[in-house]
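Each remark here refers to the structure printed beneath this line.
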Amino acid sequence: MAEAAAPPLGSAGSLVTITVSPALSNFKIIPKDAEEEADTNMPKDMKAALLVLYNVDASKGERCKTVLDAYLQLLAAGPSGNNRISVGQAILCWNCGHVAIPANIDEMGEAPPEAIRKAMPPYAQCASCNEREQSNWLCFTQPDGETIVPWIQKLGGV
Ligand SMILES: [Zn+2]
């Protein structure tokens with residue numbers, strides 16, 4: 001069931017209403033460093049991040065929401081035998097609003113995001129705009145808050 005979020009102010013100054021899945025609260029944003037961890041303005045989950053993106057630039061918010069909705073639909077339907085998919089851990093790019101497995105995932109190794117964060121650089125690179133320093137790893141969990149759900153995307157991005 002979807003719920004309506006508080007209407008953020010669009011980049012053109014107009015009010016927009018967006019409907020977001022409650023599941024977005026289960027996408028935790030992993031702080032890049034101790035400074036981000038201590039920053040009370042840093043969104044802790046994708047629901048909060050989406051509102052920030054919409055307020056900064058509605059097109060970034062819309063892009064992010066489109067990608068996340070596609071992921072949730074793919075997850076709900078299950079990948080069909082006709083879909084070529086990539087499975088891994090995703091990042092949120094604050095520069096363009098894209099969410100995907102990083103373009104430089106091969107540089108990152110196989111470690112879980114928490115371990116990768118402590119080993120940065122290299123920083124995760126956005127698969128869309130190639131930005132490296134304005135991204136955060138995402139950790140999507142089941143409602144129990146502990147069971148991690150991998151990111152699934154159609155090959156070549158969502
Ligand atoms: Zn990007």
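Remarks
- Residue 77 meets each of the listed conditions (1) more than 16 Å from the ligand (Cβ to nearest atom); (2) loosely packed, with under 14 Cβ neighbours inside 10 Å; (3) modelled with pLDDT of 85 or more; (4) closer than 22 Å to residue 32 by Cβ apart from (4).
- Selection status of residue 60, of a type in the set (D, E, K, R), away from the ligand (no atom under 14 Å from the Cβ) and either loosely packed, with under 15 Cβ neighbours inside 10 Å or at pLDDT 90 or above (or both): no
- So residue 17, is it modelled with pLDDT under 85 and out of contact with any Asp or Glu (no Cβ under 9 Å at 6 or more places or on another chain): yes
- Whichever residue in region 107-143 is modelled with pLDDT of 85 or more and away from the ligand (no atom under 16 Å from the Cβ) and, among such residues, is surrounded by the fewest Cβ atoms within 10 Å (Cβ to Cβ): 142
- Selection within region 124-158 - among the hydrophobic types (A, V, I, L, M, F, W, C) and in a strand (DSSP E or B): 137, 138, 139, 140, 148, 149, 151, 152
Per-residue answers, yes or no, for (1) touching a Ser or Thr at 6+ places or on another chain (Cβ under 8 Å); (2) in a helix (DSSP H, G or I):
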position	(1), (2)
29	no, no
48	no, yes
51	no, yes
59	yes, yes
69	yes, yes
72	yes, yes
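The values are calculated or read from the model by the stated rules, or taken from the named source; none is laboratory data. The model shown is predicted, which means the values in this text are computed figures rather than measured ones. Ideal geometry is used to build each Cβ from the backbone, glycine not excepted, and the neighbour counts take in all protein chains shown.
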